[in-house]
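The block underneath contains the structure these notes are about, expressed in structure tokens.
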Amino acid sequence: MRRNQLPDARNRRDDDRKPGCEETARPFKIADGKVDHDLIATIYDRQDTGLWIFDIDYKRVLWANRKALEITDSETLEELQSRDMGADMSHSVEQRLRQYQTDFGQNEDASFKEIWTLYPKGKARVLQLVMSGIRLLDGRMALLCEGRDHQEQEPDTLRSVEALMHTTVMISLFSRDGKALYRNTASRGARVSKETNFEEQFVNPVEARELLRQVEDERTSRRVANILTKDGARWHELTIRACNDAVTGQPAYLVSEIDVTELHETKERAQYLASHDTLTGLSNRTYLKERLSQVMQNALEKDLTATLYLVDLDDFKMVNDSMGHAAGDALLQLVATKLMKLVGPDDIVARLGGDEFLICHLEKPNNHYADWFGRALLTAFERHQIIEGKPRHVGLSIGYAHYPDDGANIDQLMRHADLALYQAKTSPKKKCVRFRESMRRLRDEHLALKKELERAIRGKQFVLHYQPITCTRSDRVVSAEALIRWEHPEKGLIGPNEFIPIAEETGLINDIGDWVCRDVARMQTRLKKQGLSIPLSLNVSPRQLSDALFVSRMQVLPLETAIDTSMISLELTESVLLGDIPDAFETLSTLKKIGYQIVIDDFGTGYSNLAYLHNYPIDGIKIDRMFMEDIASGGAIVKLILSLANALGAEVVAEGVETVEQRMWLNRNDCNRYQGFLYSRPVPEDRLVSMLQTQMEIAAM
């Protein structure tokens, strides 16, 4: 090919256009032979301006005039065409060329004038370039370059131009109306469009206007803002200075930007982690006081009532111990999600730690009963929740305090709500409690009682009394229930209602329950030796049943005491059947295989149904004492329970029988066992032995 011929891209094969291939283009036909090609080539070569066509896609020169060969230090066009210009091309230069290619594709009349430094054979040559687009005959857009030596060769000027090209800092110049006058490579590469004005760059245009107002006042402004880029919304640190456009002399804004997205997100993440619970996403205790102070202040200003609710999950430790920590975490997340759905838009929901949550609820005064919101929370959790595919009752205890009636500051409100929560947790019925001054004394008593219980366990201060279970026809004692008493060294005999709730709450029930099992076993052995053997029953709490060691202890018990396990009944509440105890069926089945009898205590209070009972290995049912009052009005409910028990083949004991009429009614309706004050209150061991001996003597007469 002759040096002064322009390439005809239309006649090149695809293979010829690949990097590394020889350029084999045919002469470009300017006027179908009507103009002398040599004359045109001579005109090009006489130009004092270097002209060349650069293939942006393949980074090779397609054609150049003589001045361009001089500029590039090339002996021939063929030598220049053979050079791989992409071999040492920087990313910034390539990015800039791609931007030009895009611009020319959108507007073929566009052109750009810039100062570039070329490095032919390693020597720097500074040029004033005019670049425009030229479409090749294969349809691709190439770059037509016109280059002259740049007259101003000041090193600082040249270096600043080079720095603007290669820096990752985004530099832009905007007119006062927001139009972009200049963008360096980095800035142009970040934009959605080169036509995007200053305000359109911001996710929130208000920030743009605020920045410019500050520049007007102070001549400079700085901010981290959310900016729209071709990669989506990013966080940029912007510095804006008032200046003048060097071309027109008109006022302008010089903007430099640094992408700080990773730093900003890391900072936000750190702030989030510091102020939020990672498991539930709720606010945590650290962030709470600041937020609560603001909410309380808003409540005062808007004449709203603010109420602090402390919400605690009942038996959460039981879930963790029996189902594992993953199930416990799932439960906490479920509760957090449900609480967030129940509160208002201005309310606060936080996790304080463990299974304790806080809600700060705002409302207009005197619109509802004082505890309506707390009762609404309880109602929302009445139905069973599904935890790891299993239905589970999630009980709540709630203590609350009103601001400012129950506390003038956050610390005081928290303490008072906590006292109310303590009472709610120890109450068997009232689970949503408001703070009262009397609670301070009650809390102190409970704490003291806990310490005394710990000493009682160590000092073996407990004793068992036994309440006889009697035949409705013969009034003969057929079994007995073991009931614990605390022989307090100062207060005397204390009934279980006064200390079992504390034992349940603190976990001391496991140690106490273990002692009861062993003492009942020893009692059964003693009765057997005296020829007075009758079945004995003992109460097992849900917390005991959830203890991973309970079954193994009950397996070892007959080996240690030589008891007949078929003569021991384990009395359980209905909550065990209703999903409160995970794996309850497996646990009860194992106990049944060991030989223990399984009895449901206080039947009828937990809303059990035939389906539940039918699925469990149940030997007996004890009708709750509340249904004895039903007998006076015909006893329809008791008859229904008796029919249900008969269908299951379960033995029935009626509790709380206090009158002869009740016993006679039970006898007529085929309820063969009863327990109550009509025959006997719970009595010490020696008194029960005396009863059985007398009964045996009478039978022998």
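The values are calculated or read from the model by the stated rules, or taken from the named source; none is laboratory data. Small disclaimer: the values here were computed from a predicted structure and weren't measured. Note: ideal-geometry Cβ built from the backbone for every residue, glycine included; neighbour counts use all protein chains shown.
Any residue at all in segment 189-198 that's assigned to a helix (DSSP H, G or I) and touching a residue at least 40 places away in the same chain (Cβ under 8 Å)?
Yes, that holds for at least one residue.
How many residues, within segment 657-687, are hydrophobic (A, V, I, L, M, F, W, C) and over 18 Å from Ile631 (Cα atoms)?
Number satisfying all stated conditions: 1.
Give me the strands (runs of 3 or more DSSP E) completely within segment 399-504, filtered to those with at least 3 residues that are farther than 30 Å from Thr694 by Cβ and not polar (S, T, N, Q), ordered by residue number.
Fully inside segment 399-504 and qualifying: 432-434.
State whether one or more residues within segment 649-670 are of a type in the set (Ser, Thr, Tyr), crowded, with 19+ Cβ neighbours inside 10 Å and modelled with pLDDT of 90 or more.
Among the residues of segment 649-670, not one is of a type in the set (Ser, Thr, Tyr), crowded, with 19+ Cβ neighbours inside 10 Å and modelled with pLDDT of 90 or more, which makes the answer no.
Identify, please: which residue in segment 259-280 is closer than 21 Å to Asp329 by Cβ and among the β-branched types (Val, Ile, Thr) and is, among those, modelled with the highest pLDDT?
Taking the candidates together, the pick is Thr280.
Out of (1) touching a residue at least 40 places away in the same chain (Cβ under 8 Å); (2) within 26 Å of Ser541 (Cβ to Cβ); (3) not charged (D, E, K, R), what's the single condition that is false for Leu648?
Failing condition for Leu648: (1).
Might you let me know whether segment 577-590 holds any residue that is within 19 Å of Pro501 (Cα to Cα) and surrounded by 14 or more Cβ atoms within 10 Å (Cβ to Cβ)?
yes
Please find, among Leu331, Leu282, Leu358, Leu339, the residue that is over 29 Å from Ala408 (Cα atoms) and touching a Phe, Trp or Tyr at 6+ places or on another chain (Cβ under 9 Å).
Leu331
Which members of segment 623-643 meet the condition of being modelled with pLDDT of 85 or more and of a type in the set (Gly, Ala, Ser)?
Within segment 623-643, Gly635, Ala636, Ser643 meet the criteria.
Take the residues of segment 125-151 that are over 57 Å from the mean Cα position of the chain (by Cα) and free of Cβ contacts under 8 Å to residues at least 24 places away in the same chain: which is farthest from Ser92 (Cα to Cα)?
Selected residue: Gln151.
Scan the helices (runs of 4 or more DSSP H) fully inside segment 632-701 and keep the ones with 1 or more residues being closer than 30 Å to Ile494 by Cβ and out of contact with any helix residue (DSSP H, G or I) (no Cβ under 7 Å at 6 or more places or on another chain).
The qualifying helices (runs of 4 or more DSSP H) are 685-700.
Scan segment 368-389 and give yes if some residue there is buried (at least 20 other Cβ atoms within 10 Å of the Cβ), out of contact with any Cys (no Cβ under 6 Å at 6 or more places or on another chain) and part of a helix (DSSP H, G or I), otherwise no.
Yes, some residue in segment 368-389 is buried (at least 20 other Cβ atoms within 10 Å of the Cβ), out of contact with any Cys (no Cβ under 6 Å at 6 or more places or on another chain) and part of a helix (DSSP H, G or I).
Can you pull out every residue in segment 551-572 that is of a type in the set (Val, Ile, Thr) and touching a Ser or Thr at 6+ places or on another chain (Cβ under 8 Å)?
Residues satisfying the conditions are Val551, Thr561, Ile563, Ile568.
State all residues of segment 332-375 that are more than 21 Å from Arg436 (Cα to Cα) and hydrophobic (A, V, I, L, M, F, W, C); if no residue qualifies, say none.
Matches in segment 332-375: Leu332, Leu334, Val335, Ala336, Leu339, Met340, Leu342, Val343, Ile348, Val349, Ala350, Leu352.
I'm told Ala336 meets every condition in (1) within 17 Å of Tyr400 (Cβ to Cβ); (2) touching a Leu at 6+ places or on another chain (Cβ under 6 Å); (3) small (Gly, Ala, Ser) except one. Can you identify the failing condition by its number?
Ala336 satisfies every listed condition except (1).
Of the numbered conditions (1) within 27 Å of the chain's Cα centre (by Cα); (2) without any contact (Cβ under 8 Å) to a residue 24 or more places away in the chain, Trp372 satisfies every one except a single condition; which is it?
The number of the failed condition is (1).
Given the criteria touching a Phe, Trp or Tyr at 6+ places or on another chain (Cβ under 9 Å), buried (at least 17 other Cβ atoms within 10 Å of the Cβ) and either closer than 16 Å to Leu144 by Cα or in the same structural domain as Ala142 (by TED's automatic domain parsing) (or both), does Ala110 qualify?
no
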